[in-house]
Amino acid sequence: MTQPNIDIYSKFTCPFCVRAKNLLKGKGAEFNEFDITMGGPKKAEMLERAPNARTVPQIFIGDLHVGGSDDLAALERSGQLDALLAG
C-alpha cells in the first residue's frame, strides 16, 4: 500500500508547524510543505481547501483535512494516525 499524499501549509518559525512536521517525520512519513508566510497562491489554495482555516499548520492527508498540529497529535494519541498514513 502506498502512503497517501500529505500536504502541510506552514509559516516560517511557527512552533506548531515544527511540532507537526516532527511528528510526521518520526513516523517516517514524507510530506509536501508549502510556506505561506508571505501569502501568495499557496495561501489561496489552502483557503480553498479549508475555507475556515486562519492558522497554521493546516494538514491534509490524502483528501482528508486533518486540521492543525493539535488535531494531528490527537489522531496520534487515539491510534488513528498510523492507519491514515498507511492509506
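The values are calculated or read from the model by the stated rules, or taken from the named source; none is laboratory data. All values derive from a computational prediction rather than experimental measurement. As a convention, Cβ positions derive from the backbone with ideal geometry for all residues, glycine included, and neighbour counts pool all protein chains shown. For the accessible areas, the whole protein counts, side chains as well, though only heavy atoms, and no ligand, DNA or RNA atoms are used. Shrake-Rupley method; radii C 1.70, N 1.55, O 1.52, S 1.80 Å.
Kindly work out what percent of the DSSP beta bridges joining two residues of the chain are antiparallel, to the nearest 5.
65 percent
Cross-link partners among aspartates and glutamates for residue 42, C-alpha distance below 18 Å, same-chain residues fewer than 8 apart left out?
Straight-line reach from residue 42, under 18 Å: 7, 33, 63.
For the chain, take the longest principal axis of its alpha carbons; what is the angle in degrees between that and the long axis of helix 15-26, to the nearest 10 within 0 to 90?
Taking the Cα atoms of the chain, the angle to 15-26 is about 30 degrees.
For the chain, what is the convex hull (Cα atoms) projected area averaged across all directions, in square nanometres?
The number I arrive at for the chain is 5.3 nm².
Within the range 1-24, name every residue whose backbone N is under 14 Å away from a label modeled 7 Å from Cα of residue 64 along the Cβ vector.
3-7
At 1.4 Å probe size, with the rest of the protein present, what percent of the exposed accessible area of the chain is carbon and sulfur atoms?
Carbon with sulfur: 53 percent of the solvent-accessible area.
Peptides 23-34, 3-14: what's the order by average Cβ count within 10 Å, highest mean first?
Output ranking for 23-34, 3-14: 3-14, 23-34.
Take each of the peptides 38-45, 63-70, average the number of other beta-carbon atoms within 10 Å over its residues, and list them starting from the highest.
Highest to lowest by the protection proxy: 63-70, 38-45.
Determine the per residue accessible area of the range 13-56 with all protein chains present and a 1.4 angstrom probe, expressed in square angstrom.
The answer is 68 Å² per residue.
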